[in-house]
Amino acid sequence: VEINPPGLELPSLEELKSKAVGVRRVEISEINREGDRVEVRGTIVHVFQRRPVFDVCPNCGRGLAGVESELVCDGCGKTVSPEHRAVVSFLCDDGAGNIRVTLFGKAAEDVLGMNAEEIFQKLKESPDPTRLYEEANLIGREVMVRGVVKHDRFTELLELRGFEVETPRPVDEAQRLLEEIKGLETRVEGE
């Protein structure tokens, strides 16, 4: 594998995001099939008070059980010092419906406003995650989440496993609406 080969120019992150295959903006009420890659825009109306960090094997990424400083990973069979990963789960409502959203890793860190190690340290000081969630001020926050629709076997409901989250930017949203209106005008003229 040649890293950054000379003469090869990669597109910017913004270009890659805009060309993400299969991610389409939908209303939450339109979500009805597992495996769809969608983007939703809504408001966080409830945060599930689960522990916002968990331990993984630094070698294979598999989740580890326990809170010891060294654990044996079932995946690779090695004794490892666990790495911390952030996780947050909330209910997102767009006025047409609501859906449980679960974010892991960087996406969870982005919405909480701190990295996994900072979250871990805060939980060492105060094990109850309620205070951490209150400090993150999530309730009422408007978000755009891109993710994959999954069926939760425990709740028997569809949920969104987000791989990216951001705050909607008014200029971008206005531009998107203008493009949508222009598309409608073109279809009306063509009829």
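The values are calculated or read from the model by the stated rules, or taken from the named source; none is laboratory data. All figures in this text were calculated on a predicted structure; none of them were measured in a lab. Positions of Cβ are generated from backbone atoms using ideal geometry, with glycine treated the same way; all protein chains shown enter the neighbour counts. Ligands, DNA and RNA are stripped out before the accessible areas are found, and what is left, the full protein with its side chains, is counted by its heavy atoms. Shrake-Rupley method; radii C 1.70, N 1.55, O 1.52, S 1.80 Å.
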Would you check if there is a residue in the stretch 88-95 being modelled with pLDDT under 95 and either aliphatic (A, V, I, L, M) or open to solvent by less than 20 Å² (accessible area, probe 1.4 Å) (or both)?
no
Does any residue in the stretch 155-168 that is farther than 13 Å from residue 102 by Cβ come within less than 7 Å, Cβ to Cβ, of a residue that is of a type outside the set (D, E, K, R) and part of a strand (DSSP E or B) six or more places away or on a different chain, and which pairs are these?
166/144; 167/143; 168/144
The stretch 103-116 - residue that is assigned to a helix (DSSP H, G or I) and open to solvent by 30 Å² or more (accessible area, probe 1.4 Å) and, of those, farthest from residue 130 (Cα to Cα):
106
If we keep just the residues of the stretch 149-159 that are out of contact with any Lys or Arg (no Cβ under 8 Å at 6 or more places or on another chain) and not charged (D, E, K, R), which is least open to solvent (accessible area, probe 1.4 Å)?
151
As an exercise: evaluate residue 59 against (1) assigned to a loop (DSSP other than H, G, I, E, B); (2) modelled with pLDDT of 90 or more; (3) open to solvent by 70 Å² or more (accessible area, probe 1.4 Å) and give the number of the one condition it does not meet.
(2)
From the option list 85, 100, single residue qualifying as under 25 Å from residue 28 (Cβ atoms), surrounded by 14 or more Cβ atoms within 10 Å (Cβ to Cβ) and among the basic types (Lys, Arg) is 100
Can you go through 147, 95, 162, 75 and tell me which one is more than 30 Å from residue 29 (Cα to Cα) and either small (Gly, Ala, Ser) or part of a strand (DSSP E or B) (or both)?
75
Of all residues in the stretch 119-148 being buried (at least 16 other Cβ atoms within 10 Å of the Cβ) and among the small types (Gly, Ala, Ser), which is farthest from residue 88 (Cα to Cα)?
147
